[in-house]
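The structure appears below as structure tokens.
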């Protein structure tokens, strides 16, 4: 029987983003306190010309969500034009429910999520995650938005990717 390394992502949200006219920037209205300073994944939702309202636009990872969101939503930033953007925040745990503190593992989880959902605003790893993700499963729980309940690196064909 094949062994898989399992990871659990507990999603909260959607969290509204508030626009500060003086600073000309968005910020998250409220961030769960237990996620502040933790390694997390996040999913940005908003309007898309093809997929419509409240569409999954982007999946990312960070340790400082407020700083990262300012970067995404600053004037002329990637999501500056969004009318009512929202964000889902995911805390990542291993199969023993221990929070992930390893950046490399968080990157693997992010790659699997991106390759499994192909958000239109992500540019990298949209075709296939790194080969080291092949034996990993990612379960999405709670307020997962449009994300699949389970994703796996095993779903992808690694023969032509060079990864």
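The values are calculated or read from the model by the stated rules, or taken from the named source; none is laboratory data. Quick caveat: nothing in here was measured; it's all calculated off a predicted structure. Note: ideal-geometry Cβ built from the backbone for every residue, glycine included; neighbour counts use all protein chains shown.
Quick notes on this structure:
- When 137, 147 are checked against the criterion of being surrounded by 15 or more Cβ atoms within 10 Å (Cβ to Cβ), under 20 Å from residue 47 (Cα atoms), modelled with pLDDT of 95 or more and touching a helix residue (DSSP H, G or I) at 6+ places or on another chain (Cβ under 9 Å), 147 stands alone in meeting it.
- Within segment 85-104, tally of residues that are surrounded by fewer than 17 Cβ atoms within 10 Å (Cβ to Cβ) and not in a strand (DSSP E or B): 8
- Residues that are under 14 Å from residue 38 (Cα atoms) and either more than 11 Å from the chain's Cα centre (by Cα) or not in a helix (DSSP H, G or I) (or both) within segment 105-115 comprise just one, 105.
- Those strands (runs of 3 or more DSSP E) lying entirely in segment 1-57 with at least 3 residues at pLDDT below 85, in contact with a helix residue (DSSP H, G or I) (Cβ under 9 Å, 6 or more places away or on another chain) and surrounded by 14 or more Cβ atoms within 10 Å (Cβ to Cβ): 25-28
- Residue that is at pLDDT below 95, crowded, with 18+ Cβ neighbours inside 10 Å, within 16 Å of the chain's Cα centre (by Cα) and assigned to a loop (DSSP other than H, G, I, E, B), where the choices are 129, 120: 129
- Residues of segment 144-163 that turn out to be assigned to a loop (DSSP other than H, G, I, E, B) and either closer than 17 Å to residue 61 by Cα or free of Cβ contacts under 8 Å to residues at least 12 places away in the same chain (or both), as a count: 7
- Checking 162, 153 one by one, the residue that is modelled with pLDDT under 90 and closer than 26 Å to residue 95 by Cβ is 153 and no other.
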